[in-house]
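Take a look at the structure set out below.
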């Protein structure tokens, strides 16, 4: 398997059978053995010009089945699941299936990969492709053996004669199959008879990934290729005033350090990445800082609040009225592989290699950047080291094409981690103001939301009377884009938290309150299943809480989360139960992976990460200040898939939206503290019912940040006994270290703490004396 | 021109001595299995073994590695036969897969040091490595399986 290899129309090897299937059900067969060359046939009802296949299937004489897929791989397992659909209907031997990546503009249909629509959008067509091949193999065997087609069965790329002894592999039948008319109405299997769909299949690219052979965008190497980085503007809207590249050009290996038309910054090209980065470091640039340097997160927050303004009232007849405002931050995509693209722009043609969710968009971007006709440009889609929506944009392809065009050399353009984090299309920040009303018997009487920006609102999926949603516009220099689950990452959080607020105000059980507002159906079923799997009514230990939330975003999904919050506000996620109904689960192993991964995303963004703006620029630069969950912070996630024969829905994003509301509803249950902004701050978590006694005194922690050891000393007031207990916990409450140490009778203490074994990051150090506690944040470099 | 011992082979590296190993591997020797994730040693995607210890190749200048045995993901086995590679495939650990070479190399160092790690050992050893897709639950299971547990 070569992950990079892409196909236009597949080139027939000797005696290969190749068929392309379009959305309107026509086929084309090529076979190199006939008439001394290629035979090209199309079905009568379609002309060759209008034939746009969306999937190609090739069978080689050695039995290898190659399936060309149009959608691109960012970790969602699409190369595996799309191929499984074809192989299922084809009755192909899965162990001999290979997958190749389609190119844009070569009769492959749309390559756009997003919105969790790849499986749901391709399912019928891929099934028909597989069924067409199977039908032709049966016809070929029947013709070869002079028996009725009804007397042939198929399994694992072999046709067998019913009640007979004859067998033929698909590979043995390809010559005969090439003489058979392509059927337009091949019969699809009954879903109940699937043998491959619904089985647990590891990703088809795993062997390449674990051996280091898989080719991502940054791994493309072509002859003569150079490495390019750009000194990016230090604020949104900043531009180069003057620059001096003389020192940069002295760095061995640096070839160019210049402006490039269409690129706002200074481009450095070198023989290798290290030289390019050193060259960039050596540039002296004076910037026009532009108009946004007075913008920071608080300005944007104020603008959102102003734009929302006042919210109209719920019906006056409401016995109980509540209101609440929620605010969410910008989020970066922070894919493991930063944005990059390889371009080789020549005089009259170009070739691009790009890790992209939008092969068609890359083609257009390259055409626009180079002035070449799209027909002169070849685009190869590589594997992506993560996508999450970021790679639906094509800015990085434009950079690469412009640089290659200007310097007339093949180049690999890349963002560093910091470039990537500071030049994203961010999940929008948003502000949501709610009013809700309840009747005396706890029925919802009103649901009113005003939101800014206006595209970040959505009415609840529940049956509430006349929900109102209006929005205000937001002026912000921060570019935004699609982020995993797009607006649902925010809308489901605020709606499901405010629904919980209504349930609490109604003195109702949050699960039953929701259930009563849902009609019988698949959404209510996943909610019920989540409550049941999580043993919703089972009593929890003191200090624990349980929260629930559900969503119909891409698929039906519900989460129940259990947390514990210590009396000093240390949060620990004790249990995560996820239930998904995605229709037919093509590859349950992949569905579970997506739900697990989406949960990690949601917990990371609920507890650890936000993008903030300072002086018109993004403050964060890497995984230290934009943190993701680590393995030691990972709760166990239980994923349950509802068995279904309904058409498949999307799973890449469905597992995100209901996690953070379930978490914050659980935090409320444990602490009676309502979280209305993310990420959760530890100071928000000290339980209302049992306020911690704060230890009084003078405590110093230094140095901060530290690298291996730090010292804590000081003197506490009203000491009890002669012992202090020190505990270090990470942001998710895992206890990293705990010990007791002595102090003098007047409360003086000094302690050196070796914390060299821990990872970089933020930790909480609590010092306890009797029932009194003081907490200090410590930062390890 | 430093000479390095990489995956059992002596390789002359035509690069300045201060070049971090990651760029020497990727851009000079065309060994692209070790990945760039952060460039400052906080994500682990570039991890390799140096004398059986996990090292962040994005921070290690090649001049400091002369005379040491470097193992990259390409040299862990020639046929995916290392127990970690087998477990990674079978338990379907990778999603996008970009960080997994680093995860596997760091796990390899763990198993050399602690052949039968507990969950706590795995947490303590592996928590410097970011997986943006969130495959941690499966990484943990795969390490246990590779350790024969």
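Every number in this text was worked out from the coordinates using simple rules, so none of it is lab data. No experiment lies behind these values; they were computed from the predicted model shown. When we count neighbours, we look across all protein chains shown, and the Cβ atoms used for this are built from the backbone with ideal geometry, even at glycine.
Quick notes
- Dividing the convex hull volume of the alpha-carbon atoms in segment B:3-76 by its residue count gives 74 Å³ per residue.
- Percent of Cα pairs exceeding the 20 Å cut-off, where the set is segment A:183-280: 62
- With the simple spin-label model, which puts each label point 7 Å out from Cα in the Cβ direction, the residue A:175 to residue B:63 separation comes to 6.7 nm.
- Length-normalised contact order for chain B - Cα pairs under 8 Å, 6+ apart - percent: 24
- Nitroxide proxy distance, nm - points 7 Å out along Cα→Cβ at residue A:199 and residue A:696: 7.1
- Under the simplified labelling scheme, the residue A:241-residue B:30 pair shows an inter-label distance of 4.6 nm, with each label point 7 Å from Cα along Cα→Cβ.
- Take the Cβ atoms of residue A:222 and residue A:647, set R0 to 60 Å, and the FRET efficiency comes out at 0.90.
- The three principal axes of the C-alpha atoms in chain B carry coordinate ranges of 44, 27, 25 Å, sorted with the longest axis first.
- With helices as the sole contributors, chain A gives -7000 deg cm²/dmol at 222 nm; each DSSP H run of n ≥ 4 counts as -39500 (n - 2.57), and the sum is divided by every residue.
- Whole-Å distance, taken between Cα centres, linking segment A:664-680 and segment A:749-781: 24
- Three principal axis extents of segment A:693-780 based on alpha-carbon atoms, in descending order, are 35, 23, 18 Å.
- Crossing angle, helix A:273-282 versus chain A [Cα axis fit, 0-90 degrees, rounded to tens]: 50
- Segment A:525-603 and segment B:104-125 have their alpha-carbon centroids 29 Å apart.
- Value of D in µm² per second that Stokes-Einstein yields for segment B:83-146, Kirkwood Rh from Cα pairs, at 4 °C (1.567 mPa s): 114
- Rg ratio (alpha-carbon, reference 2.2 N^0.38 Å) - segment A:222-355: 1.66
- Peptide B:78-90 has a mean of 3 when you count, residue by residue, the C-beta atoms of other protein chains within 10 Å of its C-beta.
- Degrees separating the helix A:522-533 axis from the principal Cα axis of chain A, which is the longest one: 60
- Cα long-axis angle, helix A:395-407 against chain A (0 to 90 degrees, to the nearest 10): 70
- Taking only Cα atoms of the protein assembly as shown, radius of gyration then Dmax in Å: 29.4, 102
- Viscosity 1.002 mPa s, temperature 20 °C, Stokes-Einstein D of segment A:57-155 from Kirkwood C-alpha radius, µm²/s: 149
- Counting Cβ atoms of other protein chains within 10 Å of each Cβ in A:335-343 and taking the mean gives 4.
- Relative to one another, the C-alpha centroids of segment A:151-179 and segment A:357-385 are positioned 41 Å apart.
- R0 of 45 Å, Cβ-Cβ distance residue A:715-residue A:124: FRET efficiency to nearest 0.05: 0.05
- Ordering A:410-421, A:476-487 by mean Cβ neighbour count within 10 Å, with the highest value first, yields A:410-421, A:476-487.
- Dividing the convex hull volume of the alpha-carbon atoms in segment A:430-685 by its residue count gives 137 Å³ per residue.
- Burial order of peptide ranges A:519-530, B:92-103, A:607-618, B:24-35 (average beta-carbon count within 10 Å, highest first): B:92-103, B:24-35, A:607-618, A:519-530
- Label point at residue A:708 placed 7 Å out along Cα→Cβ; residues across segment B:51-86 whose backbone nitrogen lies under 12 Å: none
- Label zone at residue A:162 (point 7 Å along Cα-to-Cβ), backbone N below 19 Å, segment A:177-197: A:186-195
- In terms of the mean number of neighbouring beta-carbon atoms within 10 Å, the peptides A:393-405, A:628-640, B:111-123 order highest first as A:393-405, A:628-640, B:111-123.
- Estimated FRET transfer efficiency when R0 is 56 angstrom, pair residue A:321-residue A:754 (beta carbons, to 0.05): 0.50
- Length-normalised contact order for chain A - Cα pairs under 8 Å, 6+ apart - percent: 11
- Contact order, relative form, for segment A:481-557: 32 percent (alpha carbon pairs under 8 Å, 6 or more residues apart, mean separation divided by residue count).
- The mean count of C-beta atoms from other chains within 10 Å of the C-beta of residues in A:314-320, rounded to a whole number, is 0.
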